[in-house]
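Step one of this worksheet: look at the structure below.
The values are calculated or read from the model by the stated rules, or taken from the named source; none is laboratory data. Computed from a predicted structure; not experimentally measured. Don't worry about glycine lacking a Cβ; one is built from the backbone with ideal geometry, like all the others, and counts go over all protein chains shown. Just the protein is used for accessible areas: all its heavy atoms, side chains included, with ligands, DNA and RNA removed. Shrake-Rupley method; radii C 1.70, N 1.55, O 1.52, S 1.80 Å.
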Amino acid sequence: MDFVEPVLLVGIGGAGSKLAAHASQLIGADCVAISHDSNDLGSQDDIKIHTESHVNPSAYLIRAQAQKSMDKIRGKISDYSTVIIFANLAGKSGTAISPLVAMAAKEEGKKVLSFAIMPFRYEKERLFMSGVSLKRLRASSDSRSEEHTSELQSPI
């Protein structure tokens, strides 16, 4: 895949936001974080998905609220040719929001590259939602050549 500049790094969820911020410092690209949790956001340009009225919002609720913010998200990606998504699919924000962002970028005619963080095998309650989200994320990404999985192996 050829990168066409300018490039925007999008971090979705806690770990995705941290990875995108770190990568943007290394390569000098612009970065935006998207999450429902204020602790995941670092700058005023980041996009907060509003779920304050719910104590423990589900991924479904976060996705519904994110759809209300799609104009703002499209506005952030409109000036870029390549969008690189770092999605934490082990958490609710990444699971809910990353397919929407990838689909919006693809509809805008952007090159889309995505990196997904999956839950551990023992986190069974998260595996189904993250798998569905991964399938939707891959459908809108230009980075479908290979699957790479790595897992920490116990020495026992």
Could you tell me how many of the residues in the stretch 1-41 are over 24 Å from residue 67 (Cβ atoms) and among the hydroxyl-bearing types (Ser, Thr, Tyr)? 1
For residues that are open to solvent by less than 30 Å² (accessible area, probe 1.4 Å), part of a loop (DSSP other than H, G, I, E, B) and either under 13 Å from residue 77 (Cβ atoms) or aliphatic (A, V, I, L, M) (or both), tally how many sit in the stretch 106-126. 1
Report the residue count in the stretch 12-54 for those that are in contact with a Cys (Cβ under 7 Å, 6 or more places away or on another chain), closer than 16 Å to residue 80 by Cα and not hydroxyl-bearing (Ser, Thr, Tyr). 1
Which of the residues belonging to the stretch 31-72 are assigned to a loop (DSSP other than H, G, I, E, B), more than 14 Å from residue 98 (Cα to Cα) and not polar (S, T, N, Q)? 37, 41, 42, 45, 46, 50, 52, 54, 55, 57
Which of (1) closer than 15 Å to residue 87 by Cβ; (2) basic (Lys, Arg); (3) modelled with pLDDT under 90 does residue 124 not meet, given it meets every other one? (1)
Looking at (1) surrounded by 20 or more Cβ atoms within 10 Å (Cβ to Cβ); (2) over 12 Å from the mean Cα position of the chain (by Cα); (3) not small (Gly, Ala, Ser), which is the one condition that is false for residue 101? (2)
Per the filter on the stretch 1-58, residues over 15 Å from residue 76 (Cβ atoms) and of a type in the set (Asp, Glu) are 2, 5, 37, 40, 52
